[in-house]
Structure formats: C-alpha cells, structure tokens
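Computed from the coordinates by the stated procedures, all read-outs in this text should not be read as laboratory data. Keep in mind the model is a prediction, meaning the values are calculated, not measured. Methodologically, a virtual Cβ is constructed for each residue, glycine included, from the backbone with ideal geometry; neighbour enumeration extends over all protein chains shown.
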Ligand code: BGC
C-alpha cells in the first residue's frame, strides 16, 4: 500500500493540492481536513480484532423498505431509507444508515412520515458555478440526514452529461469534468462536515437510463480519463468522500460494479483511493465482484443473491487471496467510518432541524441557479404592473421536481402529485410531484397591486385571451424527468410549444419560465420577450423565480451544459436503445443475452461544448451562457506558467455576479477547447476585480501510455462569458510534463 499523506486527500495525486487553489473553497469555509492516516491505522487495528463472522457484517446490507412485503427480522434501529448495514457493538462500530441523495433527504414514498428540505436539482446547483454555495447546500442536506438518524448520505451524483436526454440529467452537475469535479467536491465536503459519510456516484460512464443495467459503455481509456473519470478524480480529491458508488451499466463488457479496471486499477491503484466502494442497488452480478474491487453489497434483496455474506465468508476461509481481500474490504469501510467520525458522533432520529434557515439555503441556491437565457428588455418586470397573466406549469400550486430515488418531498407533502403507472419495478412508486412553493403567490407578493390571473394552459384559446388582456404574460413550461427513463427528444411535452407560441402571438411581453430537467428546444424563441431556465428549483422555487423576474435578484446563473438546437447536433442523434427497447424504469435487459452498446468513442473526451467546438456547430445556447441585468467585461488576461490572471468589471448599472470562464482554445496550432478555470465574482456597478486562477495541468494534457503528458509548446487561452463568446487568445509557452496520477 502507498504511504498515506497526512493532509488527507483520499487519493495521493500530486495535483490534488494544486486543484485546490483554483475556484475551490477558502480554507475558512472548509470542514476540517479528514485525518485519514489516523483513521486508516485504527481501521487496520480493528480488522485484526474481528472474528471471521464479524468480517462479513459490514460487507452487505438490505434496503430497509417493504418493497415486496414486510422485511423479515428488520433491525429495530433501521430507519426507512435506502440502505442499512448492521454495526458490530462489541467493537463499537455503528450501523450504517443510508439515505438518498444530492437534493436532500429523499422521502421514500412517505414511509418515514416526514418531509425534508429540497435543494434545487443538481443542474440548477451547478448553474451557480459557486463551490462555496455547493458546500452550504451539502452542509444543509447533510444536517437534515443526521437529524433524521442517517449517517450516510448517497449524495454526490457527478456523471458527465453526455446526453441531454438522460432522465437523470437533473441529478447531475455538468458536462465538463473540471466544473463537475470542483462542484461535487465542495458539496461532499459540506455533507461530510456533519460527521457523516457522503458517496460520490455512479462510477462510471453511467450516461443514460435506457437499458441502464446492461448498456455497455464503449470508450478508450484516454478519452475516459480526460472526461468522465477526471470529474470523479477531481471530486474525490476535493471532497474526500468516504465511499464511491459504482454504477449499473457495463464498461468494456463488465458490469461497472464488477469492473477490475474501474475499481481496482483506476480508483484504488492509480488514484490511491482509501475509502470503500458500495454497489448501486441491484447492480451486483456475482461474488467475484469482490475480487474486482467492490467492497460492500447494498440493497442486497435487489440483487440476484446475497453474495457478500456467507458465500464471501466461505471463500475467505478457503483461500488466502480472498481472506486478504475481505480484510481490505473491512479496512476500507472502517477507514471511512473513522475518518468521518461516525463512531464518535453517533446519529439518532429526532434531531433538531431549522426548517426556516434550511429553506433559505434552498432559496439562495435556486436564485443563483436560475439562468436568464433571453431578455429583450422586458425583464426585470415592474412591480407596478397592473395586470399579469400566469399560465401553465401548475404555477398556482408549486414547482416541479425530478423523480426517482432522489425525490424529496417537503413537510406537508407535495402541492400536486401525478402518479405514474406503467411498466417496470418503479411504476406506481414514482410520481410527477410539485413542491409547495407557488410561483403565482410569489408573483402576486412582488406586484402587490397587480391583478394576477392564472390559467392552467390546458385550453389554449382561454389562456391566449387572458394573455391578451394583460400587460405581461408569464408562461410556466415544464418537462418532468425521472431516474429510470430517458426522454425521447428535447421538445417540451404536452403541446406546450403550441401554447407558448399562441400566447406570445397575443402578448409581446411574454416571458417563459422553464422548469425542466435539462435542455429543451425552443421553436418559439424569437417570438417571446424573455426566457429563464429555473430547472427544478426546489423547496423555495416560487419566491426565487419571482425574485429574478422582478429584479430583486440579479440573475447570475450560467449553463453547465449546452442547449443544442436539435438532436441532430448531438454525437448520437438517436439515443442508444431508445428505438429498440420498451420504456422500463428498472432498465433490465429484455432477454438475458440482450446487448446494447453506447458508443462514447464517437465524441471521446469531447463531451458537450467540446463536441460543438470540434464540429463547428452553433447550439441554441452554449455551455457557460447566462445573461444578467447588468453587463460585464473580462479583460487583461495574462498567463505565467499555469497561473492565469484577468480582470472582471461590472460595466452596467446594477450590482451583479459574473462567472468568468477561462478556456484553452489551441494547443500547438491544433484547435482544442477545454474549460481551464473559472471565477464567480460579485461586483458593485462600476467595480472591477483582478482574479487569478491556477490551471490544473490535467486539463491541458493527454492521457496516454498509462499517464498524463503535456507536450511542450504554445498553449492559447481565452476568456469567455460562455464557450462560444471568447476574447482574443493569449499564448503561453509551456514545458513538457509527464506524470502518473
Ligand atoms: C440509484 C442510486 C440510489 C440507490 C438507492 C439506485 O436506483 O441509482 O442513485 O442511491 O438507488 O436508492
């Protein structure tokens, strides 16, 4: 085993420390560094004290939910949630009580009888480009998990958005590895500041839900290292999560949870990760997964068998390689337990929750996550408006949320619930749900004297008539998405495009508020006065949207993923399997030998904006795009080695925040676009600030021959307010550099 560094990164990468200096958190905002060396040493001692029976206690557990009737012998201390792994009292090892997920404590179909504070969706969180806010969000949901008796939060979804039709786009963060890694790392540190474990997931290349249990990701190692894996690598370095959850899909023909390459070679050997790998629920194919690097079988009743209990014990008794592996599994799980202090800070249900303060965190995230996509001057709206027509999207009741295991429900239940009945194990368990945070009420609260009317939008002529009679029309358009199902295309469903076009034709002051899981097409874009992307804006989405519409909040969100003009611009105009498989929430193979390949070598590491740059395509809205009610200028880019500095100025009339982006645009004469750094800067009108960003050399390098190589030569960088609006490039000569992880 490699020596473990005291300063506590779960990997031993040389560049981990470098990456901190970029837009990561200031020291004062970070949770204290984990004392990994101490945790690992204690874990090693305790493993030596374990009996053979005890060694297969921490390695597997159930999903403590009555999925198929009551669970026999359900432990008395199990809390309804995603997972339960018994502890070992004799050794002072606590049980692991696990709950989903990155948006807050999930509601598990109401079985716990309590609600929780819903953060906005991952893509909304990421639109803030604000690690400090990610930390606060993580700290908030982690505190609720602890108060409800959980010590593991299955947060930290960071799969790169290779396809905007992915039903889980809303749970993930971005299409870029640097942005994703930095943001997820900050969120994980926030979660773990509560002395609980956070989990980064789903490792790896889990790029679509269609056929998710058997779709086989085909990608070269170099492309994976420079994209999806880099997001995990940076996230692990910066967040030091106690565990990694492996994914459902296959990679190079192997199930990700039984992939020697992913788990042993990349994660543990190359990155030196010291925590443990837990399986996704129902993702373990066999006992051999242990030898391939899986440390813990989660939700075992969903797998074809309980592999990591007696079967593992028998193997360990008979074979020294298995015995050593079993010891290592225990050591890793215990290292995470001791590093996060689960033993010293026991959890117990019924803890105090400051619901008001937590809702404020959710509201702040929603505000910073809203992206102003179009404004012909109609926004911000005047509070003195006399008549406003609010149309569609259940805006009278609440704001949409995404479904699946990450579904959070507030106290008092949802405002609107539309159950989904269909095929597959989840049908009947999930629903289209709206958090109780009415945009209509929040709009009325902003424009106190206005006559605010509401039409649900089902009858277009009636909505159009209301819009015609009003000064302003605000159409709320929704796209419900869920874990388990991808969307077939990027259109707004249920005739909403027609509704928007008709309303816009009747009222030139039509504003569209999008509540979507990810990008959608906008055939009506030229006809409307303004568009905001509010995503799934969480527990306080209503006031956050109204605050942006009326200018109390100056929008500062920037897109963490590209909005294409149409599916034909994507690397895969048709999502793999979408035309051959029936929709299935579980994603099981239709026949045992069914095959489905997702060919990620098409774009390789050129995910999202990189693909658009390579193809010279103009999207509907580029990665990084976001308007403000003020204007900014980014100038004076200077490079000294791997340090870039530049000046951001607020050239308008209002205070606001700019997200300045630094892109590599050319390397040795070859066009190559990579986000190399970013800075979110708050500025008063007329104010300017010079910021400096340290460039992580992995962004500039190629992965080849088992390591990173940065060729010597000329590297050109430009500043961008988005990936396609760039300043004149500045060249710097850099030396060659070669290194291992
Ligand atoms: C999801 C995971 C989740 C787990 C436990 C799975 O279906 O993919 O993200 O943590 O369920 O609920």
When the Cα centres of the stretch 191-231 and the stretch 79-135 are compared, how far apart do they sit, in Å?
19
Rounded to 5, percent antiparallel among DSSP beta bridges of the chain:
60
Gain in length, residue 286 to residue 221, computed as 0.36 nm per residue apart minus the alpha-carbon separation, to one decimal in nm?
20.9 nm
In nm², what is the average projected area of the convex hull enclosing the Cα atoms of the stretch 137-249?
6.7
Rank-order 497-505, 236-244 by packing density, defined as the average count of other C-beta atoms within 10 Å over each peptide's residues, highest first.
236-244, 497-505
Just from the alpha-carbon atoms, what are the Rg and Dmax of the stretch 217-353 in angstroms?
15.8, 49
What is the Cα centroid distance between the stretch 366-425 and the stretch 621-664, reported in whole angstrom?
30
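Report the percentage of all Cα-Cα pairs in the stretch 385-498 whose separation exceeds 17 Å, rounded to a whole percent. Mind showing how you got there, number by number?
Working: 3878 of 6441 pairs.
Summing the P(r) tail past 17 Å for the stretch 385-498 gives 60 percent.
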In nm, spacing of pseudo-spin labels at residue 48 and residue 636 (7 Å Cα→C-beta vector)
5.9
How much length would be gained if the chain were fully extended between residue 725 and residue 314, taking 0.36 nm per residue of separation minus their Cα-Cα distance, in nm to one decimal?
141.8 nm
Output needed: percent of Cα pairs per 5 Å distance bin for the stretch 508-655, bins running from 0 to the one holding the longest distance.
2, 7, 11, 13, 15, 15, 13, 10, 6, 4, 2, 1, 0
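For the chain, what is the calculated [θ] at 222 nm in deg cm²/dmol (nearest 500), taking -39500 (n - 2.57) for each run of four or more DSSP H residues and dividing by its residue count?
Working: 16 runs with 169 residues, N = 741.
Dividing the helical sum by the residues of the chain leaves -7000 deg cm²/dmol.
Provide the FRET efficiency to the nearest 0.05 for the residue 602-residue 736 pair, computing r from the beta carbons and using R0 = 22 Å.
Step by step, r from the Cβ atoms, then E = 0.15.
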Cα coordinate range in the stretch 420-460, projected on the principal axes (Å, largest first):
49, 24, 7
Long-range tail of P(r) for the stretch 590-726 (Cα pairs > 27 Å, %)
32
Using the basic label-point model (7 angstrom from Cα toward the beta carbon), what is the residue 580 to residue 35 distance in nanometres?
5.5
For the stretch 578-640, what is Rg from Cα atoms divided by 2.2 N^0.38 Å, rounded to two decimals?
1.92
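Would you mind putting 85-94, 112-121 in packing order, based on average other-beta-carbon counts within 10 Å, highest first?
112-121, 85-94
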From largest to smallest, what semi-axes in whole angstrom does the stretch 614-693 give when each is the square root of 5 times an eigenvalue of its alpha carbon gyration tensor?
25, 18, 8
Between the stretch 270-344 and the stretch 496-520, what's the alpha-carbon centroid distance in Å?
50
One quarter of the convex hull surface, Cα atoms only: what value does that give for the chain in nm²?
29.2
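Just the projected area, averaged over all directions, of the convex hull on the alpha carbon atoms of the stretch 107-157: how many nm²? Working shown, then result.
Numbers: hull surface 15.3 nm².
Seen from a random direction, the Cα hull of the stretch 107-157 projects 3.8 nm² on average.
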By how many nm would the segment from residue 494 to residue 357 grow when fully extended, if each residue of separation counts as 0.36 nm and the alpha-carbon distance is taken off?
45.6 nm
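Would you mind getting me the FRET efficiency between residue 68 and residue 565? Use the beta-carbon distance for r and R0 = 60 Å, nearest 0.05. Could the numbers behind the result be given before it?
Values: r = 45 Å, r/R0 = 0.76.
That pair, residue 68 with residue 565, gives E of 0.85.
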Most exposed to least, judged by fewest other Cβ atoms within 10 Å, 642, 372 sort to 642, 372
Stokes-Einstein D in µm²/s, Kirkwood radius over Cα pairs - the stretch 321-372 at 10 °C with 1.306 mPa s viscosity
106
FRET efficiency, 1/(1 + (r/R0)^6) with R0 22 Å, evaluated for residue 386 and residue 462 via beta carbons
0.60
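Restricting everything to alpha-carbon atoms, can you work out Rg to Rh for the stretch 471-521 with a Kirkwood hydrodynamic radius?
Values: Rg = 12.3 Å, Rh = 11.9 Å.
When Rh is taken as the Kirkwood radius, the ratio is 1.04.
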